[in-house]
Amino acid sequence: MADGELLTAELIIEYPFSRTTGPVIGAFFTALREGFIVGIKASDGRVLVPPFEYDPITSESLTEMVEVGDAGEVVTWAWVNDPLEGQPFDRPFAFALIKLDGADTPMLHAVDVADESAMSTGMRVQARWRAEREGHINDIECFAPVDGGAS
Amino acid sequence: MSEITLPARLDDLEMVKSIRTPARLEYDYMPGAAPSRFLQGVAQKRLLGQRCPVCRKVYVPARGCCPTDGVPTEEEVELPHVGTVTSFCVVNVQFYGQVMELPYVSALILLDGSDIPLMHLIQEVDAREVHMGQRVEAVWVPDDEIGPTLESIKYFRPTGEPDAAWDTYKDNV
Amino acid sequence: MGKQRVAIVGIGQTHHTAVRGDVSIAGLVREAAQRALDDAQMSWADIDAVVIGKAPDFFEGVMMPELYLADALGAVGKPMFRVHTAGSVGGSTAIVAQDLVAAGIHERVLTVAFEKQSESEAMWALSMKIPFQPPMHAGAGGYFAPHIRGYMQRSGAPDHIGILVALKDRQNALKNPYAHLHEHDITFDSVKDSMMLWDPIRYSETCPSSDGACALVITNEKGGDAAAAAGRPPAWVKGTAFRSEPTMFAGRDQVNPVGGTECARDVYAQAGITDPRKQIDVVEMYVPFSWFEPMWLENLLFAEEGQGWKMVEDGATQMDGDLPVNCSGGVLSSNPIGASGMLRFGEAAMQVRGQAGEHQIDGARTALGHAYGGGSQFFAMWIVGADKPDS
Amino acid sequence: MRDVAIISLGQTDHARERNDVNDVEMLMPVLADAMKAANITKDRVDFVCSGSSDYLAGQGFSFVTTLDAFGPWPPISESHVDMDGAWALYEAWVKMQSGHADISLIYAYGRSSPGDIRRVMSRQLDPYYTAPLWADPVSLAALQARAGLEAGSFTEEQMAEVVAASRRNAKANPHAQLSGDAEAKALLDEDYFVSPLHKHDCPPITDGAACVIIAAGDVARELSDRPAWIRGFDHRIEPNALGVRDLTTSVSTRQAADKAQVAAGGVDVAEIHAPFSHQELILRDALGLGDDVSINPSGGALAANPIMAAGLIRLGEAAARIGRGEADRALGHATSGVCLQQNLVCVLEGE
């Protein structure tokens, strides 16, 4: 037989994971389904978006959920020229940390602009909602620049 | 658990309790050098084991490593396609991804000349008649379906020989 | 510096069930951890380090989930550690946590183990098809059933032994409010008549698939003394041991693996135990299929080889026997895989602390917690006692 | 604390893809090299601890068969972490503190080649908010780099200098995957990969493994001419979400360095586990290392990044400098998680 012939084969790990959310994460996704965004008040009074179940400093359970805006400002961003399977777009886009109006911490999502030159830190963006929503992070299709917004 | 207070807009809505997050990852699986050589042998209807240079035990499928001595195994030993059932289990349960007809027998089979049993199916016999010590032989899939996988052995079936003596396989039970 | 004495002063667990649909992964883990902290009368700020254990990440589909769980477990700004030793992981995790205290590195360590199996399906995660390899024809039951048959052949044990174990553990579980299975109507005949899944293993002789978590607060001698002075007696660690051996090797005894016995000898020697059946009052043993109780009774030197099944038949391992085994209902009644080993360790500690409620063995002073994993090849054990060890 | 020293290091010649061997076949020679360098056979090892990840292998319980590479018979005292091998070394060091072992063998291995490593690593993110976006570690590191650049913490020129130095240093490291004479200026001219990162700012895709042996007290002195004594050892973790962290600094590294008493004496050499170029700049700052410290003489993770082993290798490389008499006090660092969420610091000294 042929010596040194090495075998390879495709190995696929696939599962339709179903995740129970608990009340805090569930409230966030419920709001997304309804077309708005909620955060949660941390022990130091900051509003965390997305809402976390436990305080990032004291670890105490957080309970006070509040509504925030669906527009805000890009805090930092990365230009994804060649998106990976599963990412929000299959054409170039930006991943960004976006601090929404009324929030004190930024959340991660995609920003849709034509090219990298349209991106800048501090630019205002607004959520673009999907028409069909189920309670999922992808209920927000992406964020897009607010017309006439400061940049 | 502490009570969550929600903004008014979430009052009286049916709350999301779970989300779907399907995931699919594709990998190139590489069995490695010794297993590749073993599987290439299977594709030629040959069962190639390896002998450990330290403990002299014969491992099949060849793994390239002696699991007790932690040294590479290189000496090749070709094994016959007959062996002894050292233990088995009659399966009556379906599970994810399974395609077998119930019930069926999954057995540990010690090939003659090998020092470790391999797990495979026993067919062409009523499940109730499978027993420890039974002599079995490999039944291969048709030649045009043979490939580098142990599934090239369709199953094992009884040879009809007298049972092996307990002493010949008791160290593998 | 030398070795410090170690005490368990807080124990918490979730109610184990098929699907904990009301919580996130963090929420599940947090629930056990909070109960352990409450039991120890401590707050998150009191904890110096966190050690977390679970079985494969594929169960929940989260790679290295400890990174995501850092906030929920109060680990921010602290050392956090993740252990994975297959089914024995819950036990191994507790040992790693106690080592941090024994070594004098930390005073108070929180350790947590969990599995939220309902996020996927255990059968899927345990039977993924690997190219070129023959399919696991029958999942975990199919892997272990031949070993059980081997035990029956070698020992001459009659068929009903497995039924007796299953019946005992399920009936014990009725006394444990946290157990997953509460089968009030179970009888010898109902076990016997349950479906033969992986002959010789019947449906009622197998463990369930559970969501659940377990947590322990482990402290040094000062912490143990303080708890005792406050009327909350700790469990003192008298010995810990790990042993591992290869999954498959020529001549391997998978019925009575050498690694298990060596691990037991090691942990007994540390705890000054020379006659385990006499000196150990209660055992929490990792028994996912009922037949493993007689097999482990022999492997752990409670019975001569081939005689373990007689202890079962004589009722020695019943709650009113001389060596009660799995008063909590054991793995056969609750099996959040990653947590199952820590539940054994925690339940052993509960017994010597006298806090096991309805499934308490009166006067239990010394207990063994046992976990195993892989193809009966990874072992983790500890001996805990009501009395402070001499050294 | 009990005196424990790193006495040997074995590692693969790191490569883009090692499909000629499986994990056991990859590890056997690495373990043999480390034991040979320590003048021991496996029967002298009291405790074995390993680090790996099922997700990299694409198989649950992947570490189970890999243990065969050691030959764990008669049965051994052994444990495994789903973390970088640097944490396995920490577990072994703890075990030795309580007197349970005199010699421990630690190994770690990982492959980035079999899957799309960026997609695989995305499964590390929180499973509700970010993993479903399939955000990947390169994109998230790019967010971190931009935050640092715009905060004025470092410049793109400095990032390119880090890469050039790594390639240059790696020329002396026979195990390195990437090495050569790269000019920072030329690097800056290359296209962006995930802006503001160039491909060279990112770690190479590597398959590889490593093994480190540690020994206590007189046993270490018996086995090594110049043991690298562990004098400070600590690790810390930060919150998971990027949005609640200051990405331009590394708080957990600072905490660990403080506990490990890095500042209590000068450091001659630091092996820093920085998968991305800007992270080396963040970490240097957090570790308080001055310009006189030799940083990543091995080339670091930018020269070879066998995930799960890259941190262990940093500790082993730092120790090797002491062993060869090139340093008296050295620092090894390892990181885990997205954007430096968790960090470990080990201070090593010669006698």
Cut-off under 5 Å, modelled amide H: who pairs with A:C142 long-range: A:R128
Can you tell which of A:G22, A:A94, A:W129 lies farthest toward the positive end of the dipole of region A:22-145, using +1 and -1 charges on the Cβ of basic and acidic side chains (Lys, Arg; Asp, Glu)? A:W129
Based only on Cα atoms, what Rg/Rh ratio does chain D have, Rh being taken as Kirkwood's radius? 0.95
With each pseudo-label sitting 7 Å past Cα toward Cβ, what's the C:A229-A:D44 distance in nm, one decimal? 3.6 nm
Using the number of other C-beta atoms within 10 angstrom as an exposure proxy, rank A:M119, C:M42 with the fewest first. C:M42, A:M119
I'd like to compare D:66-77, C:68-79: which one has the highest average count of other Cβ atoms within 10 Å, and what's the full order after that? C:68-79, D:66-77
When the chain is fully extended, how far beyond the present Cα-Cα distance does D:E17 get from D:A184, taking 0.36 nm per residue of separation? 57.4 nm
Please list, in chain and number order, the residues 5+ apart from A:V75 or on another chain whose amide H is under 5 Å from its amide H, with Hs placed from the backbone. A:L97, A:I98, A:K99, A:G122
For an R0 of 25 angstrom, estimate the FRET efficiency from the Cβ-Cβ distance between B:V54 and C:V258 and round to the nearest 0.05. 0.85
Rounded to the nearest 20 debye, what is the charge dipole size of region D:201-351 about its Cα centre when +1 sits on each Lys and Arg Cβ and -1 on each Asp and Glu Cβ? 280 debye
How do D:W93, C:W198 rank when sorted from fewest to most other Cβ atoms within 10 Å of their own Cβ? D:W93, C:W198
Projected onto the charge dipole of region D:92-223 (+1 at Lys/Arg Cβ, -1 at Asp/Glu Cβ, origin at the Cα centre), which of D:A141, D:L178, D:V212 gives the Cα projection farthest towards the positive end? D:V212
In the structure displayed, which of C:K3/C:K78; C:K238/C:K310; C:K3/D:K42; C:K278/D:K42 lie more than 32 Å apart, Cα to Cα? C:K278/D:K42
Taking a point 7 angstrom from the Cα of C:V19 along the C-beta vector, which residues in region C:326-350 have backbone N less than 20 Å away? C:334-337
Options B:S18, B:C52, B:P35, ranked by Cα towards positive dipole end of region B:1-59, top entry (Cβ charges): B:C52
Which value at 222 nm does chain D reach when only helices count, each DSSP H run of 4 or more adding -39,500 (n - 2.57), with the total divided by all residues and rounded to the nearest 500 deg cm²/dmol? -10000 deg cm²/dmol
Computed about the Cα centre, the charge dipole of region C:231-290 from +1 Lys/Arg and -1 Asp/Glu charges at the Cβ has a magnitude in debye, to the nearest 20, of 160 debye
Tilt of helix D:156-170 relative to the longest C-alpha principal axis of chain D, in degrees (0 to 90, nearest 10)? 30 degrees
Dipole magnitude of the protein assembly as shown about its Cα centre, charges +1 at Lys/Arg Cβ and -1 at Asp/Glu Cβ only, in debye to the nearest 20? 1460 debye
What does a probe at B:W140 reach in region B:53-81, counting residues whose amide N is under 18 Å from the point 7 Å along Cα→Cβ? B:61-62, B:77-81
The helix A:22-34 Cα axis meets the longest alpha-carbon principal axis of chain A at an angle in degrees, between 0 and 90 and rounded to 10, of 80 degrees
Could you list which residues have their amide H under 5 Å from that of D:Q177, counting only those 5 or more apart in sequence or on another chain, with H placed in the peptide plane? D:A304
Which FRET efficiency value, to the nearest 0.05, is calculated for C:E313 and C:D362 with the Förster distance at 25 angstrom and r the Cβ-Cβ distance? 0.55
Taking each residue of B:36-42 in turn, how many C-beta atoms of other protein chains fall within 10 Å of its C-beta, and what is the average? 5
Separation between the C:Q133 and A:T121 pseudo-spin-labels, each 7 Å from Cα along Cα→Cβ, expressed in nm? 4.7 nm
³J(HN,Hα) computed for each position of region B:13-21 - Karplus, 6.51 cos²θ - 1.76 cosθ + 1.60, integer Hz, glycine/proline x: 9, 6, 7, 5, 10, 8, 10, 9, 9
Evaluate E = 1/(1 + (r/R0)^6) for C:D322 and B:E75, where r is the Cβ-Cβ distance and R0 equals 60 Å; express this FRET efficiency to the nearest 0.05. 0.70
In terms of the Cα gyration tensor, with a ≥ b ≥ c the square roots of its eigenvalues, is region A:22-145 rounded because a/c is under 1.5, prolate because a/b exceeds b/c, or oblate? prolate
Please determine, in degrees from 0 to 90 and to the nearest 10, the orientation of helix B:33-42 with respect to the longest principal axis defined by the Cα atoms of chain B, where the helix direction is its Cα long axis. 70 degrees
Using θ = phi - 60° and the Karplus curve 6.51 cos²θ - 1.76 cosθ + 1.60, what whole-Hz ³J(HN,Hα) does each residue of region D:140-146 get, with Gly and Pro shown as x? 6, 5, 5, 4, 5, 4, 5
Under 10 Å, Cα contacts only: if you run a Gaussian network model on chain A, which one of A:P51, A:P23, A:P88 comes out with the highest mean-square fluctuation? A:P23
In chain B, once you exclude exposed GluC sites (Glu not before Pro) (DSSP loop, at most 13 other Cβ within 10 angstrom), what's the longest stretch remaining? B:15-73
Per residue of region B:59-64, in order, report the coupling 6.51 cos²θ - 1.76 cosθ + 1.60 (Karplus, θ = phi - 60°) as ³J(HN,Hα) in whole Hz, putting x for Gly and Pro. 10, 9, x, 5, 10, x
Calculate the mean, over all residues of peptide D:51-63, of how many other protein chain Cβ atoms lie within 10 angstrom of the residue's Cβ. 6
Inside 10 Å of the C-beta atoms of D:242-253, what's the mean count of C-beta atoms belonging to other chains? 4
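Every number here is computed from the coordinates shown, using simple stated rules; none is lab data. Note that this is a predicted model, so its numbers are computed, not measured. With ideal geometry, Cβ positions are generated from the backbone for all residues, glycine too; neighbour counts draw on all protein chains shown.
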